[in-house]
Each structure stands twice: as structure tokens, then as C-alpha cells.
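These notes are about the structure you will find just below.
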Amino acid sequence: MAIRISTSQTFRQGTNSILENQARVNQTQQQLSNGTRISQPSDDPIGSAVMMDLQKQIDNAKQYVANGQAAETRLKTQEGTLANTTDILQRIRDLALSASNSTMNQTDRETIALEMEQRLDELVGLGNTQLSSGDYLYSGFKTNVKPFTKDGSGSIAYNGDQGVRMVNVNASVQVESGNSGDEVFFDIKTGNGAFATSANSANMGSGVISSAVMSDPTSYIADTYTVTFQDDGSGNLEYQVSGANSGAVGGPVAFDEDSPVTVNGITYSISGSPAVGDSFTVEPSNKQDIFTTVQQVIAAIKIPNATSAGQASFQNAFNLGMQNLDQSLTHIDEVRASLGSRLNVIESERDINEGNIVDTESALSTVKDLDYAEAITELNQRTLALQAAQQSFVQVQNLSLFEYL
């Protein structure tokens, strides 16, 4: 049976061959122009999937690097403010020690207090530090709220919250990008960190209380204890210890400044000569802000000390204020150490992410980038195929039976 091939069929086949070869030549030319082997998923479906996965890994790593840089900027800004805070607190401490010198008169102490008050204003200013974006550094999540404000009585309040921003610097690593003002400036233990001792401001004697230590943990009962001095009825001085919750602890004890007081596992001493009616307090350390501590130190050095009672009042207030100030310095150092640890983590994770970016980009290049030598060879081959198809089409198109009649 004879096979009939129509002129239209021949024309269609020739045209299709030319178009297919032209498409291959265009594809190769586009690859050479872009420098990539895969311009669209259909070029290599499996390679395209691998390429998309690798690009996603690169994008994630770059985002982690950017997150780390943003957190690093905040942490370094905070480190700067805390370094200045340490310097100011140390200056206040030095001034307080100078004021405690017996050669200082009341006028000298008042002058020192003025500088300390200026330093206090500087501390508040540091607490209200703003970033270049205008956000307050220590307001927690309330970044548009001024964290520290002073009222008419001089009290300084915190207006932010306890929020802390967590930043992803790797798929499984988060870093705190700062600290709230409450944590940095308010959450500080009083006294020696375990107990705080103080004297009643109305005391008339020359008694001075020491810091307290836990001498027997097995006997310790947490409470606020008050030591009250009284006459034993024979003209001798004795004291009674009472707990706010425990009530009277034992009977009255004859006072001897050389004998420490030990009650419910706590030991401390009272020196000097307390007067009848004088009282002292021993309590577990509470939390106090830096600003109140500085105000207490300022108030202490302003106490007139021309009398023995005044000297004792000054010494008791000064001792407590200095203990609280030392706690503040220690606390700021601990926060700064924490900042240093976080900065180290960010740096370490940045190195890891940047290394991953280099390795993944290399893998992506292997999948995506074009082998120019191979592509040029293929272009030449496809160009030849196109030219052959075109010439064949021309030859076939010219064939006709009329030429042989």
C-alpha cells in the first residue's frame, strides 16, 4: 500500500523541526547570557528543587546574621550605658567614703551631696537611653515609653515592663537582645545579699549594728527581727528580740557589746552604748532600685554628726547605704558579664552562619551555575542542527513533480 505525504504535512514537519531547534538554540543562548544552567523549573525539575532548598538555607542563614547584628548593636549600646553606670556608682562610692572622713564638716558633706545628686540625675539619664530608632533601651516591650521618671517627692518610678526580646541567631539558638530596666536598675538585693540590718532613726544612743550572717542554717527562721533595748529594772541595759511573725524570741538578755547576738540561726553584733528605747532591725534582703540606694547614701552623709547619737545615726545609715551601693555595683557587673556572654554567642553563631552561607553557595553554584565550555559546545551543535533543518526545509520545499514534466 502506497504512503501518501501531502505538501502541507511536509511543510508542517519542516517548520516544527526548525522551531524545535531554534528553541534549543535560544535556551542555550539564554543560559550563556545568565550564566545559569537552570532558568526555569522545566529545565531540570530535580535540580530546581535542590536549588530552591539551598537558596532557602542561604536566606535563613543571612537572616540569622542580620538578627545577630541587630542584637549586637542593642547589646553594645547597653554595655556602654552600664559601663558609664559603673563609673558613676564608683564615683558616688568614692565621694561617700570621702564624706565619712572625720575631717569633713557638715558644709563639706553638703557640697559632696550636691555632686552626688548630679550623679543621680546622670544615672536616670542613662536609664532613659534611646536607640537611633527612637526606642527606649530599658522599657522592655514598651519601647515608646520613657522608662524612668521622677515625681515631685524625688521618687523614681519604672514605667516599662519586664519584657525581653528574644532573637534567633540560628535555627535552635535564641539570644536575649537586652534587659528590662526593672531587671537592671530595680531588681537588686539589699544589705549584704542575705540580710539587711538598720537602726531606728529615732535612736538616742550610740549603738551601731553590724551586718548579719547566717551562723546556723538548721536553726534559721526567715522573719524580720527587731532588737529593742530596755532597762532591766536595776539600771542595767538589756535587749529583747522579737520577730514580726515569730513574736518574742527567748527572754530579755543583758547587753554586752563584746558578745554577738545570735537568734534563730542569725548572728550580728551591736557596738557602742544604745539607749533605753533604741531599736535595731534585722531582716532578709529585699529588692531595691539603684536610685533609692543612691538617695539613701546622700541622705546618710547629710545627717549631722556633732553628737555621739548623731555619729551613730550617721554610721548606721552610712553602713547600710554602702552595702546597698556595693550590691548595686556587683549587680551591674553581673549584668555586664551576661551581656558579654551573649555577645560571644552572637559572634560564634555569626561565624557558623557565614561559614554555612559560603558552603551552601558553593553547593548552589554546582547545581545552578553553567559550564561555559560545555554550553558553548552545545550551542554550536544546536546551531548546526538548526541550520541543517533550515536547509533541509528549503530543499524539500523546492521539490515538485512539475520540475520533471
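The values are calculated or read from the model by the stated rules, or taken from the named source; none is laboratory data. This structure is a prediction, so every number in the text was calculated from the model and none was measured. All Cβ positions, glycine included, derive from the backbone under ideal geometry; neighbour counts span all protein chains shown.
Out of THR197, THR226, THR267, one residue alone is in contact with a strand residue (DSSP E or B) (Cβ under 6 Å, 6 or more places away or on another chain) and under 30 Å from ALA83 (Cα atoms). It is THR197.
Of ALA196, ALA222, ALA212, which residue is more than 23 Å from ALA337 (Cα to Cα), touching a helix residue (DSSP H, G or I) at 6+ places or on another chain (Cβ under 9 Å) and of a type in the set (A, V, I, L, M, F, W, C)? Residue meeting the stated conditions: ALA196.
Restricting attention to the stretch 123-152, which residues are aromatic (Phe, Trp, Tyr) and either surrounded by 14 or more Cβ atoms within 10 Å (Cβ to Cβ) or in contact with a Lys or Arg (Cβ under 6 Å, 6 or more places away or on another chain) (or both)?
TYR136, TYR138, PHE148
If you go through the stretch 276-328 and keep only what is within 28 Å of the chain's Cα centre (by Cα), of a type in the set (D, E, K, R) and surrounded by fewer than 21 Cβ atoms within 10 Å (Cβ to Cβ), you end up with LYS287, ASP326. Tell me whether the stretch 159-166 contains one or more residues that are touching a helix residue (DSSP H, G or I) at 6+ places or on another chain (Cβ under 7 Å) and of a type in the set (Gly, Ala, Ser). Within the stretch 159-166, one or more residues are touching a helix residue (DSSP H, G or I) at 6+ places or on another chain (Cβ under 7 Å) and of a type in the set (Gly, Ala, Ser).
Of the strands (runs of 3 or more DSSP E) that lie entirely inside the stretch 92-178, those containing 3 or more residues that are farther than 30 Å from GLN57 by Cα and of a type outside the set (A, V, I, L, M) span 148-150. Confirm whether ALA83 is of a type in the set (A, V, I, L, M, F, W, C), modelled with pLDDT under 95 and out of contact with any Leu (no Cβ under 9 Å at 6 or more places or on another chain). No, not satisfied.
Residue check: ILE46 meets all listed conditions (1) over 30 Å from ALA171 (Cα atoms); (2) free of Cβ contacts under 8 Å to residues at least 24 places away in the same chain; (3) not small (Gly, Ala, Ser) but one, namely (1).
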